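The structure appears right after this line, and notes come after that.
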Amino acid sequence: MVSSNLVILATQLWGTVVTVTAFSGGIGSIRPAFRGERFAPVSPVHPHHRHTFYENNMMVMRSPTRRSVLLSAGMFGGIFGGDNKASSAPLGGGSYKSKGPSNELVKIVDGMGHKRLGGSDIIVSDLGLGTQRWCSDDFNAPTQEDCFGFMDHAILKKGVNLIDVAEQYPIPSGGSAKEGDTERCIGKWMKDRGVARDKVVIASKITGGRNVTPRNIKEDCEGSLKRLGTDYLDVYQLHWPQRYSPQANWGQSLKYNIESDESPYWRGQGGPTSFEDLCIAMESLIQEGKIRGWGLCNDNAYGLTACTRSAKALGVTPPCSIQGDFSLIDRKSEENGVAEAASPYNENVG
């Protein structure tokens with residue numbers, strides 16, 4: 001849940017104004033004051049928007065009336081009360097067990113608190129480096145040299161270990177700046193500086209919407225690993241939900257619109273990836289050692305709870321994080337059910 005220890009809204013750091021964007025667990029992201037993500041379209045064109053669907057008969061059967069038939073009604077009995085027969089046969093490696101409460105203070109490094117992310121064993125600093133505009137060719141975006149300086153100062157000197165990135169970064173891209181350049185910059189810094197992999201917690205994101213399919217989750221993760229020059233991600237998040245959600249519009253409106261949900265974009269070719277398929281795809285990456293945990297971004301209390309309850313019913317790893325806007329003037333996550341759902345007493349998501 002959102003922690004009261006997150007008190008910084010803006011500061012002056014390395015000569016550039018930054019703001020803090022929060023994970024629900026109280027960790028923040030240092031971002032340039034330019035808030036480009038808020039103005040990104042709900043369904044941006046992306047080269048990976050292939051509308052392909054992955055079939056694995058060991059896990060999933062397709063149905064014209066149901067996106068993914070995995071469990072009988074017993075699953076929903078487990079979610080909303082009653083017996084849960086399905087969880088007795090977990091998929092992908094056994095029943096998940098929480099490592100502890102989210103936001104638990106584990107250690108202090110160079111004066112910086114490091115806390116548990118959700119119920120995982122991933123320990124993150126109170127502040128993290130947000131990288132949305134790193135290496136963009138926009139007029140005031142930080143250069144690669146600037147970004148190396150940010151990481152030198154924050155990670156090597158000040159106890160920060162979290163870097164928040166995405167396959168789409170930098171935003172804006174175009175011209176000489178290509179999607180993925182931010183991940184390449186981070187990978188180059190780690191190699192040039194000889195930074196031990198376990199000194200950095202890397203949270204990257206797959207492009208959301210209909211791009212989120214089991215096949216694309218695997219392929220896009222492989223792309224991020226290659227650009228970063230690492231063999232695993234600490235956290236792999238959906239940049240925005242795999243389904244229609246008003247929250248996916250970067251919080252500009254929280255009003256649900258059923259006409260939008262009924263659009264061909266969302267309902268064509270079998271509809272969006274189900275929560276069950278999403279959880280199984282992420283568990284597959286965990287079992288392969290490609291990611292340590294996974295999470296959500298720009299989602300709401302419904303999406304968070306549907307993911308955690310689907311994962312627990314399947315016996316696989318639930319999301320450990322949900323990332324979204326949070327500041328002195330943006331308190332939606334405290335008021336729209338996200339903080340309550342993410343609480344260690346409820347879904348235990350960081």
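Would you please give the residues with an amide H less than 5 Å from that of Leu162, counting only those at least 5 places away or on a separate chain, with H modeled from the backbone geometry?
Close amide H contacts, sequence-distant or interchain: Ser125, Leu129, Val201.
For Gly113, list long-range residues whose amide hydrogen, built 1.01 Å from N in the peptide plane, is under 5 Å from its own amide hydrogen.
For Gly113, whose amide H was placed from the backbone, the distant partners under 5 Å are Asp126.
Return the whole-Å distance between the Cα centroid of region 113-162 and the Cα centroid of region 193-235.
Centre-to-centre distance over Cα atoms comes out at 15 Å.
Within region 233-350, what whole-number % of the accessible surface is contributed by carbon and sulfur, with the 1.4 Å probe and all protein chains included in the calculation?
That fraction is 52 percent.
What ranking of Asp198, Asp110, Asp137, Asp299 comes out by heavy-atom accessible area, probe 1.4 Å, highest first?
Solvent-accessible surface, decreasing: Asp198, Asp110, Asp137, Asp299.
For the pair Ile329 and Asp198, how long in nm is the line joining their label points, each one 7 Å along Cα→Cβ?
4.3
Would you pull out the residues with amide H under 5 Å of Cys297's amide H, same chain only if 5 or more places away, H placed 1.01 Å from N?
Leu238, Gln323
In a shell of Cβ-Cβ distance under 13 Å around Asn336, excluding Asn336 itself, what net charge do Lys and Arg (+1) and Asp and Glu (-1) give?
-3
Ranked highest first by the average count of other Cβ atoms within 10 Å around their residues, in what order do 142-149, 158-165 fall?
Peptide ranking by packing, descending: 158-165, 142-149.
The values are calculated or read from the model by the stated rules, or taken from the named source; none is laboratory data. In this text the structure is predicted, and so the values were computed from the model without any measurement. Cβ coordinates were reconstructed from backbone atoms using ideal geometry, including for glycine residues, and neighbour counts include every protein chain displayed. Accessible surface is based on the protein model in full, side chains and every heavy atom, while ligands, DNA and RNA are left aside. Shrake-Rupley method; radii C 1.70, N 1.55, O 1.52, S 1.80 Å.
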